[in-house]
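The values are calculated or read from the model by the stated rules, or taken from the named source; none is laboratory data. Bear in mind the structure is a predicted one, so any value in this text is a computation, not a measurement. Glycine also receives a Cβ, built like all others from the backbone with ideal geometry; neighbour counts cover every protein chain displayed.
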Amino acid sequence: MKKTKTTPAQTYSWNSLVKMVLSHRRELLVANLVAIVGTALAVPIPLLIPLLVDEVLLDKPGAVIGFLNPYFPESWHGPVLYILIVLAVTLILRLSSLIFSVWQSREFTLISKDVIFRIRRTLLQRLQRISMAEYETIGSGTVASHLVTDLQALDDFVSISVSKTLVAVLSILGTTVVLMWMHWQLALFILLLNPLVIYITTLFGRKVKRL
């Protein structure tokens, strides 16, 4: 009697997931560049209104008014002009940030969906070689859960981790630089206290997970 050839079961680890993600190097580069540009466009938006209040309402001309005045006739100079220009710049930045955010989500979603597609294809091929007795042992609901719910959780994790890692690191570095520039003693206190807060939060998270 001829024996059927069996293939070794494929296992997935962090390294294998990273390799599958890094196989999309070009898409990763484009997506991260888009994410950085979108974040950079969104950063100045909250700063425009305080500048407008300081330079227009409090009548303390600064960089914004000094930059705008040479480009418009003197008769146009006034609160209406400055408010309309700041409003237009805010809308343009907000719209551009939204477009880059959608573009970023699309690129990262394509990467994560391809990774999950490879895993799901391997699992479905594996199902063809599983004995029917296994279904009686573990139950068909467990198998369906692995193929649907577990993979969906993995899909969400991959898409979020891949899309947010670089932007989060750059945001932390940027916040650190700004804090150090504003008040280095307070910045050091915040930076040194953060690991302790994260450690305590992790301990509480493990307790809540058990409950």
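Which pairs have Cβ atoms under 7 Å, sit 6 or more apart or on different chains, and link a residue in the range 23-48 that is free of Cβ contacts under 8 Å to residues at least 60 places away in the same chain to one that is among the hydroxyl-bearing types (Ser, Thr, Tyr)?
Once the first residue is free of Cβ contacts under 8 Å to residues at least 60 places away in the same chain and sits in the range 23-48, its partners that are among the hydroxyl-bearing types (Ser, Thr, Tyr) give 41/96; 41/97; 42/97; 45/90; 48/90.
How many residues does the range 165-194 contain that are modelled with pLDDT of 85 or more and loosely packed, with under 10 Cβ neighbours inside 10 Å?
The total comes to 2.
Among 179, 166, 192, which is the only one that is more than 24 Å from residue 23 (Cβ to Cβ) and either in contact (Cβ under 8 Å) with a residue 12 or more places away in the chain or of a type in the set (Ser, Thr, Tyr) (or both)?
Numbers: 166 fails: more than 24 Å from residue 23 (Cβ to Cβ); 192 fails: either in contact (Cβ under 8 Å) with a residue 12 or more places away in the chain or of a type in the set (Ser, Thr, Tyr) (or both).
Result of the check over 179, 166, 192: 179.
Given the options 13, 23, name the one that is more than 28 Å from residue 98 (Cα to Cα) and over 19 Å from the mean Cα position of the chain (by Cα).
Residue meeting the stated conditions: 13.
Any idea which residue in the range 80-95 is nearest to the chain's Cα centre (by Cα), counting only those that are free of Cβ contacts under 8 Å to residues at least 24 places away in the same chain and surrounded by 14 or more Cβ atoms within 10 Å (Cβ to Cβ)? Lay out the reasoning, then the answer.
Taking the range 80-95 and keeping what is free of Cβ contacts under 8 Å to residues at least 24 places away in the same chain, we get 80-81, 84-85, 87-88, 91-92, 95.
Imposing the further condition that a residue be surrounded by 14 or more Cβ atoms within 10 Å (Cβ to Cβ) reduces the set to 81, 85.
Details: 81: 37, 85: 31 Å.
Only one residue tops the list, namely 85.
What's the number of the only condition in (1) touching a Pro at 6+ places or on another chain (Cβ under 7 Å); (2) within 30 Å of residue 150 (Cβ to Cβ) that residue 114 fails to meet?
(1)
What is the residue count in the range 92-117 for residues that are within 18 Å of residue 157 (Cα to Cα) and hydrophobic (A, V, I, L, M, F, W, C)?
Let us first name the residues in the range 92-117 that are within 18 Å of residue 157 (Cα to Cα), namely 104-117.
Those left that are additionally hydrophobic (A, V, I, L, M, F, W, C): 108, 110-111, 115-117.
Total meeting the criteria: 6.
Being β-branched (Val, Ile, Thr) and in a loop (DSSP other than H, G, I, E, B) is the filter here, so list the residues in the range 33-59 that pass it. Reasoning before the result, please.
Of the residues in the range 33-59, the ones β-branched (Val, Ile, Thr) are 34, 36-37, 39, 43, 45, 49, 53, 56.
Of everything in the range 33-59, just one residue is β-branched (Val, Ile, Thr) and in a loop (DSSP other than H, G, I, E, B), namely 43.
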